[in-house]
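Mind looking over this structure? Questions follow.
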């Protein structure tokens with residue numbers, strides 16, 4: 001899970017944003033929904049039910065458990081901002097307070113790129129396209145000279161354990177930067193023998209923006225260093 005500020009600060013910021021934006025958006029019909037969106041991940045089903053009075057209900061079923069959370073929402077451009085009245089599901093990382101609508105308003109996704117759609121059959125092609133994009137991004141990042149240098153010290157994996165431990169890129173979510181959406185991917189090494197005793201080793205993180213055709217190295221304190229183009 002990606003947390004750029006702590007939950008309490010995020011909640012305060014979210015509430016302030018909702019109050020400020022409510023006055024400019026709640027009276028416009030196009031900023032309200034009347035539909036249910038369903039997604040599936042972690043062997044669980046998650047449902048967002050939006051009403052045209054600005055209220056929403058979040059429900060979960062399956063492995064995570066059967067839960068219900070109610071709250072208020074507004075939509076700014078294509079971004080749904082949620083203000084849950086109870087924080088349990090928010091703190092567990094399953095209720096996402098910011099969701100991105102597609103142009104048809106038939107589906108949206110959260111920052112982890114989990115998709116939720118009105119019609120279940122619409123989710124599969126979106127998920128497939130997302131996986132293909134991640135594979136293309138990983139292939140491009142592996143071409144970077146600095147990444148190749150980082151991997152030079154590792155012998156070619158021969159066994160299943162070596163392949164599992166071999167550093168690989170992991171998708172860590174999307175994030176907004178100056179109104180642009182970036183994919184965050186990090187080169188990481190998982191030591192299976194130390195999963196319960198040591199933290200996973202993490203190397204450099206990268207931010208990719210396809211529309212701007214840019215790749216940045218994600219340094220500390222929000223510093224970004226341009227390292228190449230996506231294509």
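Which order results if 176, 46 are arranged by neighbouring Cβ count within 10 Å, fewest first?
176, 46
Full extension from residue 61 to residue 145: what is 0.36 nm times the residue separation minus their Cα-Cα distance, to one decimal in nm?
Numbers: separation 84, 0.36 × 84 = 30.24 nm, distance 4.52 nm.
Contour length minus the Cα-Cα distance gives 25.7 nm.
Rank these for me by crowding, 109, 61, going from fewest to most other beta carbons within 10 Å.
With the sparsest Cβ surroundings first, the list reads 61, 109.
What spacing in nm lies between the two simple spin-label points modelled at residue 53 and residue 225, each 7 Å away from Cα in the Cβ direction?
5.5 nm
Classify region 56-165 from the C-alpha gyration tensor, please: rounded if a/c falls under 1.5, else prolate or oblate depending on whether a/b exceeds b/c.
Here region 56-165 falls in the prolate category.
Moving to a separate point now. Please find the FRET efficiency linking residue 34 to residue 160, where r is the Cβ-Cβ separation and R0 is fixed at 45 Å, and quote it to the nearest 0.05.
0.35
Arranged by the count of other C-beta atoms within 10 angstrom, fewest first, what order do 110, 89, 122 take?
By the 10 Å Cβ count, ascending, the order reads 122, 89, 110.
7 Å from Cα along Cα→Cβ at both residue 118 and residue 213: what's the point-to-point distance in nm?
The answer from the label model is 3.6 nm.
Between residue 176 and residue 152, with labels modelled 7 Å along Cα→Cβ, what's the label distance in nm to one decimal, could you check?
It works out to 4.2 nm between the two label points.
Bear in mind these aren't lab numbers, they're just calculated from the coordinates by the rules spelled out. Everything quoted here is computed from the prediction, not taken from an experiment. We place every Cβ from the backbone using ideal geometry, glycine too, and count neighbours over all the protein chains shown.
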